[in-house]
Amino acid sequence: MNIVVSGASRGIGKAVAQYLDQTGHNVLAIARSKGSLEELLKQTKNIEVLIADLGKEESKTGVTEFLQKGFKVDVLINNAGQLINKSFLECSSEDFLNQFQANVLSAVHLTQACLPYFNKGAHIVNISSMGGFQGSSKYPGLSAYSSTKGALAILTECLASELTDYGVSVNALALGAVETEMLQKAFPNVKAPLTAEQMATFISDFALKAATFCNGKIMPVALSNP
Ligand SMILES: NC(=O)c1ccc[n+]([C@@H]2O[C@H](COP(=O)([O-])OP(=O)(O)OC[C@H]3O[C@@H](n4cnc5c(N)ncnc54)[C@H](OP(=O)(O)O)[C@@H]3O)[C@@H](O)[C@H]2O)c1
């Protein structure tokens, strides 16, 4: 299958790209860090990389140029994200805007760029968080981050409805704690019960298989919170 993974320079996205490469899929791996993507390219067989800041609308041009070369998309995993850990009172409007740009607009831009290139039956998986799952425990310092993940969940439901004519299913996974740089920023004293590699197997298998079984669903994938 042909798979686009955003946020693939480290953490969960990198592990997803590596797992999909090892299991014989073609992967377009996207992130901003040139050096990390070049390393990933060296270590893998079926991966192509694209350096792009997906929070910016101009990033759509680079994605389109790549897909135009003949890469029809079966699976899109909107995994790119950032986290700011700051008290609500101290958060500026710029902090909120940056979080929405990185966590919501990145998925908007990449999905829009991929839309003309999806195969029928394609699957979009948005990587949300337990922090953005309605009714879950919430934590101080994460109001901006968690509200972006809640927005991504509702965007998932909206697109599941709006993209039916394209034959595309859209679901979101609300992840619990996974051992990455981001988790350390949010919860410096927490040791997560799962590694990025462990979570990557679940995300990849879900992305490859679940479009037949669900659409517009927000699923918690958590052993603990945080
Ligand atoms: N770790 C957890 O416990 C946890 C829990 C719940 C949800 N999640 C979600 O899982 C996803 C992956 O998180 P992680 O823990 O693996 O985080 P991470 O290690 O910080 O990795 C984040 C990835 O997103 C990329 N990225 C950030 N902003 C981007 C942008 N504007 N354009 C393109 N790429 C961008 C980063 O690459 P560059 O810096 O190179 O661009 C990096 O590859 C995120 O959406 C996160 O919110 C994680």
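Overview of values
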item	result
Sparsely packed trypsin sites (Lys or Arg not before Pro) within segment 117-226, loop by DSSP, other Cβ within 10 Å at most 12	Lys191
Neighbour count of at most 15 Cβ within 10 Å plus DSSP loop: longest GluC sites (Glu not before Pro)-free window in the chain	59-226
Cα Rg, Dmax, segment 8-47, angstrom units	8.9, 25
Estimated dipole of segment 2-221 in Debye, rounded to 20 [Cβ of Lys and Arg +1, of Asp and Glu -1, Cα centre]	280 debye
Cleavage-rule hits (trypsin sites (Lys or Arg not before Pro)) in segment 1-67: DSSP loop, at most 11 neighbouring Cβ within 10 angstrom	Lys45
Solvent-accessible area per residue, Å², over the chain with all protein chains present [probe radius 1.4 Å]	47 Å²
Length-normalised contact order of segment 2-221 in % [C-alpha pairs under 8 Å, at least 6 apart]	21 percent
Over segment 2-221, equivalent-ellipsoid semi-axes from the Cα gyration tensor in Å	25, 19, 18
Accessible carbon and sulfur surface of the chain relative to its total accessible area, %, 1.4 Å	54 percent
Rounded to 10°, Cα long-axis angle of helix 11-22 versus longest principal axis of the chain	30 degrees
Alpha-carbon spread of segment 1-129, three principal axes, descending order, Å	48, 30, 24
Flagged links, alpha-carbon separation over 21 Å, of Lys149/Lys185; Lys60/Lys209; Lys14/Lys42; Lys86/Lys138; Lys86/Lys149; Lys14/Lys34	Lys60/Lys209
Chymotrypsin sites (Phe, Trp or Tyr not before Pro) restricted to segment 121-226 and DSSP loop, no more than 10 other C-beta within 10 Å	Phe213
Computed accessible area, His123, all protein chains, 1.4 angstrom probe, square angstrom	0 Å²
Distance from segment 152-226 to segment 80-100 (C-alpha centre basis), Å	21 Å
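The values are calculated or read from the model by the stated rules, or taken from the named source; none is laboratory data. Quick caveat, the model's predicted, so the values are computed rather than measured. Every residue, glycine as well, gets a Cβ built from its backbone with ideal geometry; the counts of neighbours run over all protein chains shown. All accessible areas refer to the heavy atoms of the entire protein, side chains included, with ligands and DNA or RNA removed. Shrake-Rupley method; radii C 1.70, N 1.55, O 1.52, S 1.80 Å.
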